[in-house]
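Following: one structure in structure tokens, then a few remarks.
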């Protein structure tokens, strides 16, 4: 486990729940004391450099470091044919995300982006409903992420709000829900976006709105802010089609506001049992292990290429805000270089 910061508690809880699939062999953090604190709880070694991680001979590493470090660290381990599970996002910079995909193509290692909401029963059900065309013509989708992050949150950790290491509200607060939007609706044709820093003393944006046109013809809107008062207000996904409509909300999308379909008006949403973040992370680790052992990629795992697509979408929204015109997400092929 590389990174012993705030998210490490969720990762450690997940390791405890997934002991049949994964075994923690060590903890790495540039802050050796932080690494030792995590490692002591699990009776494993603690180190302060990625070079020392190699001495542990891990099959895979889990990256829970600042977002802007993910790409460089992923490439470091790929060069040594070590598998990588990285916290979202794959990278802050779209060119760095493309490089990870290129590096993976010449490595025996694989990269997976930790998008644990994909393992939710309700999300799996929606994916199946879409595959069976139960929405009819899917016309409109909406993602709302309204959270609160006071100035003290950014001041507490130097890299938060930093453009190169943090990337902004879309990459950090909204990326799980944008990942689902892409997973549900697939390729994006173009976007229009407005991003602003309205009330926080940070380099990156604190508020964003965007419209998205998909290759299928479906339209979507995205609204994200970290200025909600006095607390987190809403995380939600809405899908509206000619034969089906739903709205789900909550950090783990456990609240169902609307769920109705023409083909089966008695159809009920599948909420599932344990939707705690620790369990969702554990399920994701288990799915990754299955993928690696069977040399296949289960549908709910976010690949490096899908991680790139998310970063590229957010990059296009930011570019549109600057150019004040519609922009299209980059493809990996456009950024590979000579």
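The values are calculated or read from the model by the stated rules, or taken from the named source; none is laboratory data. This is a predicted model, so every value here is computed, not measured. As a convention, Cβ positions derive from the backbone with ideal geometry for all residues, glycine included, and neighbour counts pool all protein chains shown.
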For segment 130-139, enumerate the residues that are surrounded by fewer than 18 Cβ atoms within 10 Å (Cβ to Cβ) and either assigned to a helix (DSSP H, G or I) or at positive phi (or both).
131, 133, 136
Suppose we keep only residues that are in a helix (DSSP H, G or I) and out of contact with any helix residue (DSSP H, G or I) (no Cβ under 9 Å at 6 or more places or on another chain) within segment 24-36. Which one would you say is nearest to residue 60 (Cα to Cα)?
35
Filter result for the condition that a residue is assigned to a loop (DSSP other than H, G, I, E, B), touching a residue at least 12 places away in the same chain (Cβ under 8 Å) and closer than 26 Å to residue 147 by Cα, over 280, 253:
253
Note on residue 245: of the conditions (1) assigned to a helix (DSSP H, G or I); (2) surrounded by 16 or more Cβ atoms within 10 Å (Cβ to Cβ), unmet is (1)
Please enumerate the residues belonging to segment 285-330 that are under 14 Å from residue 111 (Cβ atoms) and under 13 Å from the mean Cα position of the chain (by Cα).
301, 302, 303, 304, 305, 306, 307, 308, 309, 310, 311
Among the candidates 260, 238, which residue alone is more than 24 Å from the chain's Cα centre (by Cα) and part of a strand (DSSP E or B)?
260
Considering only segment 182-192, state which residues are in a helix (DSSP H, G or I) and under 12 Å from residue 306 (Cβ atoms).
182, 183
Looking only at segment 17-40, count how many residues are surrounded by fewer than 14 Cβ atoms within 10 Å (Cβ to Cβ) and either within 25 Å of the chain's Cα centre (by Cα) or in contact (Cβ under 8 Å) with a residue 24 or more places away in the chain (or both).
4
In this structure, does residue 278 turn out to be surrounded by 18 or more Cβ atoms within 10 Å (Cβ to Cβ) and modelled with pLDDT under 95?
yes
Going by the conditions given, is residue 209 within 18 Å of the chain's Cα centre (by Cα), more than 14 Å from residue 138 (Cα to Cα) and modelled with pLDDT of 95 or more?
no
Can you pull out every residue in segment 201-235 that is touching a helix residue (DSSP H, G or I) at 6+ places or on another chain (Cβ under 8 Å), within 22 Å of residue 253 (Cβ to Cβ) and assigned to a strand (DSSP E or B)?
208, 210, 212, 214, 220, 222, 224, 225, 235
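Residue by residue, here is whether (1) under 28 Å from residue 251 (Cα atoms); (2) out of contact with any strand residue (DSSP E or B) (no Cβ under 6 Å at 6 or more places or on another chain); (3) not in a loop (DSSP other than H, G, I, E, B) holds:
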| position | (1), (2), (3) |
| --- | --- |
| 52 | no, yes, yes |
| 69 | yes, yes, yes |
| 86 | yes, no, yes |
| 89 | yes, yes, no |
| 97 | yes, yes, yes |
| 107 | no, yes, no |
| 124 | yes, yes, yes |
| 128 | yes, yes, yes |
Test residue 58 against the criterion of being free of Cβ contacts under 8 Å to residues at least 60 places away in the same chain and touching a helix residue (DSSP H, G or I) at 6+ places or on another chain (Cβ under 7 Å), and give yes or no.
no
Scan segment 153-174 for residues that are out of contact with any strand residue (DSSP E or B) (no Cβ under 9 Å at 6 or more places or on another chain), part of a helix (DSSP H, G or I) and surrounded by 15 or more Cβ atoms within 10 Å (Cβ to Cβ) and jot them down.
154, 171, 172
Report yes if some residue within segment 300-313 is modelled with pLDDT under 95, surrounded by fewer than 21 Cβ atoms within 10 Å (Cβ to Cβ), touching a helix residue (DSSP H, G or I) at 6+ places or on another chain (Cβ under 6 Å) and under 30 Å from residue 102 (Cα atoms); otherwise report no.
yes
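Out of curiosity, is residue 198 touching a strand residue (DSSP E or B) at 6+ places or on another chain (Cβ under 8 Å), outside any helix (DSSP H, G or I), touching a residue at least 24 places away in the same chain (Cβ under 8 Å) and more than 23 Å from residue 240 (Cβ to Cβ)?
In short, yes.
So, in segment 261-275, how many residues would count as being surrounded by 13 or more Cβ atoms within 10 Å (Cβ to Cβ) and free of Cβ contacts under 8 Å to residues at least 24 places away in the same chain?
1
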